[in-house]
Structures are given as C-alpha cells and as structure tokens.
Amino acid sequence: MPRPTGRVLTLLELLQSGGTRSVAELADRLGVEGRTVRRYVDQLIDLDVPVESVRGRYGGYRLAPGYRLPGAVWWTVGALWIMPANMGMPVFQWNDVTSSSLGAHLVFGLLAGATFAGIAQAMGKRTGPAR
C-alpha cells in the first residue's frame, strides 16, 4: 500500500486478527522498516487503540485482550479501503483529501465508541445491573 494511512489501518487489521506479531513480521507484511512499524503503533496508541508491547525473544505487539474496533467503524474501513486494497483493486484515487477524511471518520468512530462505553459504564455503576 503506497500511503501511510492505509498501512496503519492494515496494521490494525493484522493486530486485530489475534496473537502477538513480531516487528519483523509486521514490517514484512506492511513493506516497511521496523522503525516505521513502531511509528505506526504510536499512531494507533494516539487514537486510544490499546496496543501492548511484548518484550523478549518472542515479543512484538498485540491488542489488549478483548479489544475490538467498534463494528460499524471496522466494516466501513474494511469496505472502503482494506478489502479492496488487499485484492489489488483501485477503488478510488487515494490522496490527502480522502486520507484525512477517512482518518477523521476513524477518529470519530473511536471517540464515539469510547464515549458511549464510558456513559454505559457510568450508568451501570450508578443504577446497578438490570433486573
């Protein structure tokens, strides 16, 4: 994929598929250097995606247990970018405008999901479980 935003989304897809992925494996799959993988991981962390670093010989990166990108956001991202790109299909001209637009939608989806989860959690603590 020629654009960094597409690679960051592909990184998220790889991490979401489960398990710990080594930096070398991720770099190979994304077609970048290990240093770039670390930069992309930092971008995901900046978006409040809970990426964990695993140390040691078999270390690498993984998502926090139980974390999933909200379904509606993930399906939108997949339909617009990841699936067609993985199939080698040029769906639309990728440029700075589409990159920033998709990035804004992704950030909005993550923030909305976190906000609703926080509200639901607060309501559950205040009112207790439903009977």
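The set of residues in the stretch 53-86 that are modelled with pLDDT under 85, over 12 Å from Leu9 (Cβ atoms) and aromatic (Phe, Trp, Tyr) comprises Tyr58, Tyr67, Trp75.
The residue that is surrounded by the most Cβ atoms within 10 Å (Cβ to Cβ), among those in the stretch 33-52 that are among the hydrophobic types (A, V, I, L, M, F, W, C), modelled with pLDDT of 90 or more and assigned to a helix (DSSP H, G or I), is Val37. Annotation: of all residues in the stretch 25-45 being under 13 Å from Gly60 (Cα atoms) and free of Cβ contacts under 8 Å to residues at least 12 places away in the same chain, the one that is nearest to the chain's Cα centre (by Cα) is Ala27.
For Arg3, the requirement of being surrounded by 13 or more Cβ atoms within 10 Å (Cβ to Cβ), among the basic types (Lys, Arg), modelled with pLDDT under 85 and touching a helix residue (DSSP H, G or I) at 6+ places or on another chain (Cβ under 8 Å) is met.
Restricting Leu30, Leu9 to residues that are under 16 Å from Arg68 (Cα atoms) and crowded, with 17+ Cβ neighbours inside 10 Å narrows the list to Leu9.
The values are calculated or read from the model by the stated rules, or taken from the named source; none is laboratory data. Because the structure is a prediction, the values reported are computed rather than measured. Every residue, glycine as well, gets a Cβ built from its backbone with ideal geometry; the counts of neighbours run over all protein chains shown.
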